[in-house]
Every structure is written in structure tokens, then in C-alpha cells.
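The block underneath contains the structure these notes are about, expressed in C-alpha cells.
Read-outs: derived from the displayed coordinates by stated rules, not from any lab. Computed from a predicted structure; not experimentally measured. Ideal geometry is used to build each Cβ from the backbone, glycine not excepted, and the neighbour counts take in all protein chains shown.
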Amino acid sequence: MSAGSTTGGQRHLGGTMRRDAWWLELLPVITLLGAFGIYATARAFEGTYYAWGPYLSPFYSPLIDPHHRWWPFSPALLILIWPLGFRVTCYYYRKAYYRAFFLDPPACAVGERKHHYRGETAFPFVLQNLHRYFLYVGFIFLIFLWHDAFHAFFFDGRIGVGVGTLVLLFNVILLTTYALSCHSLRHIVGGKLDCFSCAAFGGPRHTAWRWLTVLNERHMLYAWISLITVGLTDLYIRLVASGTITDLRLM
Ligand code: FES
């Protein structure tokens, strides 16, 4: 079906035969991604209140040169390009922000701007193809975040549990689930294969592919939950570190 027939022959921006409120689904994307972008940028440049006791904000992990011996700016600026690149190039987020922020297209069967469509074959969007490399680096970051969650169980050398411990643990579980549900990862494990039993390590790959497929089916959900959680985790540590609230010790 041509673009003209799906939009009822109306090729101008927003032209469509759809009778539903198709634009409604853009609002939460604009609100959530916009709010997260503003908050994360402000926190990345702030450079303070990122650690308290055994807790370290995920925006600042791994913590590099906190005493500014050779890097005069916020430590977060040294690392955020990697998790940011992972999210920005994510297949799900691309769909969401292409629609919400570029209106390209605004929704299924809704007219878009007139331009020569080149997909992701030219600069800058060709860089979206780096996603799988951001995924590899993302797993290295997850190792640091799991280490931070483990470290959050130790208060002055003694084992304990605070609300912050649970917050950090919950956060890294969700970030790991989001990474494991990645389309690229599923493709790496089981893509380009017509026959698992004929391939090297076909049995384990098939098992892994089936599990990753279960997670992959809810990739959008994990993308949003983990985005909100990582923001709230940083906010919690900022509030505790700044003395605005007190971390409750549970054990
Ligand atoms: S496709 Fe979304 S994280 Fe890889």
C-alpha cells in the first residue's frame, strides 16, 4: 500500500484518514523523554551529591577522577555518552522519538514532511548502526553497576541494608533486563540462522534465544521502566547526599 493510500491521499504533514486520537500516544513520549533529558543533563553537569555512604549514583558509575586531578569538570561527563548512546540508538527509542520529536512520521498512516527519505544510510542517522557496539560497552557498565549494588550492602565494613541498597539493586536488575531484551542481542544469539541444530553451539544458542525472545517481546516496557528507575535512583541518592532526606536502615 502506498503512503498516499494509507493517508487517504493527503501527503501533507498530519494528513490522515484515521479517526482516532493518534497524536495522544506522542504526549507521554514527549513528556517522559523530555523530562528525563533535562534532568539527566542538569545532573551530569552538577558534579555533586552523587555519593553517600556505600551508595553511588548510576549517573556517575564508574566514578572517574572525583578529586579533579586531571579532569576539571563533572565526572559524569566522562561516561554518560555510553549509556546515552545505548538509549539513543535503541531500536524502540528510535521509533518513539522519530515520531514524537521529528514527526517523521507522526504515526502509522499519518502524513509526514516532504523529503527524500534516505533511512539510516547517511550522516548523522547512519550512526544508529553503532547500536550493537553500545550494547557491548553497556554490558561493561552493568558490571560496574552490579558491583555498586553489592557494595551498597556494606556500611562501614558491616553488612546492612538501607532503602538505598534496595533502590540500587532494583535499578540494576531493571537495567540488566532492559539490556537482555535488546533486539541486537537477540539477533547476535539467534539471528541469521535457519537451523540451530546445524550450527556450532546450536543447542545452547537456541535455549538462550528462546529466553531472550521472552524478554524481547516486552522490550518497550523495560525501556520505559528502566529509564524512569535510573532517574529516580539518581534522584534518591541526590536527596540523601544533600541531606534533604535520611536513608532508612532496614537491617
Ligand atoms: S534495541 Fe533497544 S536496547 Fe537494543
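Before moving on, here are some points about what is shown:
- Gain on full stretching of the segment that runs from THR121 to VAL161 - 0.36 nm per residue minus C-alpha separation: 9.5 nm
- Compactness of region 132-246 as Cα Rg over 2.2 N^0.38 Å, two decimals: 1.33
- Euclidean distance between Cα centres, region 82-159 to region 187-226, Å: 19 Å
- Calculated log₁₀ intensity ratio I(q)/I(0) where the Debye formula runs over C-alpha points of region 108-155, q = 0.20, 0.22, 0.27 Å⁻¹: -0.79, -0.85, -0.97
- Counting Lys and Arg as +1 and Asp and Glu as -1 over every other residue whose Cβ lies under 13 Å from the Cβ of PHE36, the net charge comes to +1.
- Subtracting the Cα-Cα distance of ARG94 and MET17 from their residue separation scaled by 0.36 nm leaves 25.2 nm.
- Neighbour-count ranking [beta-carbon atoms within 10 angstrom, fewest first] of CYS198, CYS108, CYS182: CYS198, CYS108, CYS182
- Between LEU239 and ARG205, the simple spin-label model (points 7 angstrom out along Cα→Cβ) gives 4.8 nm.
- In a fully extended conformation the segment linking LEU84 and SER197 would gain 36.9 nm over its present Cα-Cα distance, using 0.36 nm per residue.
- Among THR246, THR89, a tally of other beta-carbon atoms within 10 Å of each Cβ gives an order, fewest to most, of THR246, THR89.
- Across the chain, the relative contact order, built from alpha-carbon pairs under 8 Å that are at least six residues apart, equals 25 percent.
- Toward the positive end of the charge dipole of the chain, with +1 on the Cβ of Lys and Arg and -1 on the Cβ of Asp and Glu, the farthest Cα among GLY157, THR213, ILE143 is that of THR213.
- Isolated Cys in the chain, by beta carbon distance under 4.7 Å: CYS90, CYS108, CYS182
- Taking one quarter of the surface of the C-alpha convex hull of the chain gives a mean projected area of 18.3 nm².
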